[in-house]
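Here the structure comes first, spelled out in C-alpha cells, and everything after it is commentary.
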Amino acid sequence: MMSNASSQSRQWRLAQPKEVVTYLKLNKGKIQAQRKLYHKRRCELEMLIISQRWGDDTPRCRADITPELLQFSCFGSLQVDHMNGGGGQERNTRRRRAVLDGTRSLDDLRVLCELHQMVHAICRKDSAGGLDPKTWEV
C-alpha cells in the first residue's frame with residue numbers, strides 16, 4: 001500500500017510527463033550512479049547475510065567447507081556459490097531479494113572467491129564452470 005506522499009508523487013509524475021523526461025535526461029549520469037550504488041550495496045548486504053549464516057562477521061572465502069578446494073589459495077573477487085550446483089536455474093535478482101527478505105534458506109549458499117568458485121564448478125562437472133568469468137555461477 002502506497003503512502004499518501006508517494007501517491008501524490010506518482011500522480012504528479014503522471015500529470016507532468018515532459019518535466020519528468022527532462023529531469024531524467026538532465027540527470028542521467030546521477031541516476032545511473034545511484035542505481036549502481038544501490039545494486040552494489042544490495043550485493044554486499046546479501047554476502048554479509050550469507051557470511052553470518054556461516055559464523056563470519058564479514059564476507060570471506062569459505063573454501064574450508066569443501067576441503068578439496070583448500071589446495072589453492074584465494075584469488076579474485078567474492079561471489080555467492082550454490083554448494084549443490086544449479087545456480088544457473090535461479091536468477092540472481094530473485095535469489096538476492098529472497099535472501100534479503102529472509103524467505104530463502106541459506107543452507108546451500110556460501111561465499112567463495114573467483115578461483116575457488118571455478119574449481120568447485122569444474123570438480124562437480126557443472127556446465128556453468130569454465131574459463132570465462134561471465135559463465136560462472138554468481
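Here are the numbers:
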quantity: Relative contact order [Cα under 8 Å, 6+ residues apart], segment 30-95, whole percent; calculated: 18
quantity: Relative contact order (%) - criterion: Cα under 8 Å, at least six apart; region: the chain; calculated: 23
quantity: Radius 14 Å from Cβ of ARG60, net charge of other residues (Lys, Arg +1; Asp, Glu -1); calculated: -3
quantity: Among 8-21, 60-73, the order from most to least packed when residues are scored by Cβ within 10 Å on average; calculated: 60-73, 8-21
quantity: Percentage, to the nearest whole number, of Cα pairs in segment 4-135 over 21 Å apart; calculated: 54
quantity: The chain: most fluctuating residue of LYS25, LYS36, LYS125 per GNM, C-alpha cutoff 10 Å; calculated: LYS25
quantity: Amide proton proximity set for LEU109, modelled H, under 5 Å, gap of 5+; calculated: MET83
quantity: The chain - mean residue ellipticity at 222 nm from DSSP helices (-39,500 (n - 2.57) per run, n ≥ 4, rounded to 500); calculated: -16000 deg cm²/dmol
quantity: Diffusion coefficient, µm² s⁻¹, Stokes-Einstein with Kirkwood Rh over alpha-carbon pairs of segment 39-84 at 4 °C and 1.567 mPa s; calculated: 112
quantity: Alpha-carbon centroid distance for the pair segment 51-128 / segment 27-43, whole angstrom; calculated: 25
quantity: Inter-site label distance for HIS39 and ILE122 at 7 Å from Cα along Cβ, in nm; calculated: 2.9
quantity: The chain: Cys lacking any partner C-beta under 4.7 angstrom; calculated: CYS43, CYS123
quantity: Positive-end extreme of charge dipole, the chain - chosen from HIS116, ALA63, GLN16 (charges on Cβ); calculated: GLN16
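Bear in mind these aren't lab numbers, they're just calculated from the coordinates by the rules spelled out. A quick note: this is a predicted structure, and the numbers were derived from the prediction, not measured. Backbone-built Cβ (ideal geometry, glycine too); neighbour counts: all protein chains shown.
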